[in-house]
Amino acid sequence: MNKNIINFIATILLALILSLFLPWWSVMTAALTTALFIPLKKSAVFFVPFLAILLFWAVYSFILSSGNDYTLTKRIAVLIPLGGNPYVLMLVTGCVGGLAAGIAAIFGKQLSLSLEKK
């Protein structure tokens with residue numbers, strides 16, 4: 001299997017497990033850990049965890065919001081200038097989580113490189 005796919009799946013699984021016990025920043029811990037142990041090259045270091053957590057948070061927010069007919073999501077989408085569209089809010093939520101995970105993965109890659117040199 002390709003390292004990108006392994007990192008993608010490992011990031012989602014680890015984020016899912018950690019999110020049961022930890023707050024929102026657990027996705028950053030998952031991305032940092034997978035980047036530390038499953039090395040990626042060049043821009044894949046950022047984009048693979050970014051896409052993994054974007055997908056995870058978007059699907060997770062869709063599942064949580066569909067249980068109450070998107071009531072809270074619609075209200076928050078009105079507060080943030082998204083035109084009251086709950087699906088755009090879910091996409092924005094995924095992008096925020098993806099950015100956090102991508103930056104944490106870059107830190108994990110830099111940490112693994114610094115540990116390699118010693």
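The values are calculated or read from the model by the stated rules, or taken from the named source; none is laboratory data. All values reported here derive from a predicted model rather than from experimental measurement. FYI the Cβ positions are ideal-geometry reconstructions off the backbone, even for glycines, and counts take in every protein chain you see.
Which one of Ile103, Ile80, Ile17 is aliphatic (A, V, I, L, M), over 26 Å from Met1 (Cβ atoms) and surrounded by fewer than 18 Cβ atoms within 10 Å (Cβ to Cβ)?
Ile80
Residues checked against (1) closer than 19 Å to Leu111 by Cα; (2) at pLDDT 95 or above; (3) surrounded by 14 or more Cβ atoms within 10 Å (Cβ to Cβ):
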position: Leu13; (1), (2), (3): no, yes, yes
position: Trp24; (1), (2), (3): no, no, no
position: Ala35; (1), (2), (3): yes, no, yes
position: Phe50; (1), (2), (3): yes, yes, yes
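For the condition farther than 22 Å from Ile17 by Cα, touching a Ser or Thr at 6+ places or on another chain (Cβ under 8 Å) and loosely packed, with under 14 Cβ neighbours inside 10 Å, what is the one hit in Leu89, Leu115, Leu72?
Sole residue among the options that is farther than 22 Å from Ile17 by Cα, touching a Ser or Thr at 6+ places or on another chain (Cβ under 8 Å) and loosely packed, with under 14 Cβ neighbours inside 10 Å: Leu72.
Being modelled with pLDDT under 90, out of contact with any Pro (no Cβ under 7 Å at 6 or more places or on another chain) and under 23 Å from Leu36 (Cβ atoms) is the requirement here; does Leu111 meet it?
Against the criterion (modelled with pLDDT under 90, out of contact with any Pro (no Cβ under 7 Å at 6 or more places or on another chain) and under 23 Å from Leu36 (Cβ atoms)), Leu111 does not qualify.
Taking the stated definitions as given, is Val96 over 21 Å from Ala15 (Cα atoms), surrounded by fewer than 17 Cβ atoms within 10 Å (Cβ to Cβ), at pLDDT 90 or above and not hydroxyl-bearing (Ser, Thr, Tyr)?
no
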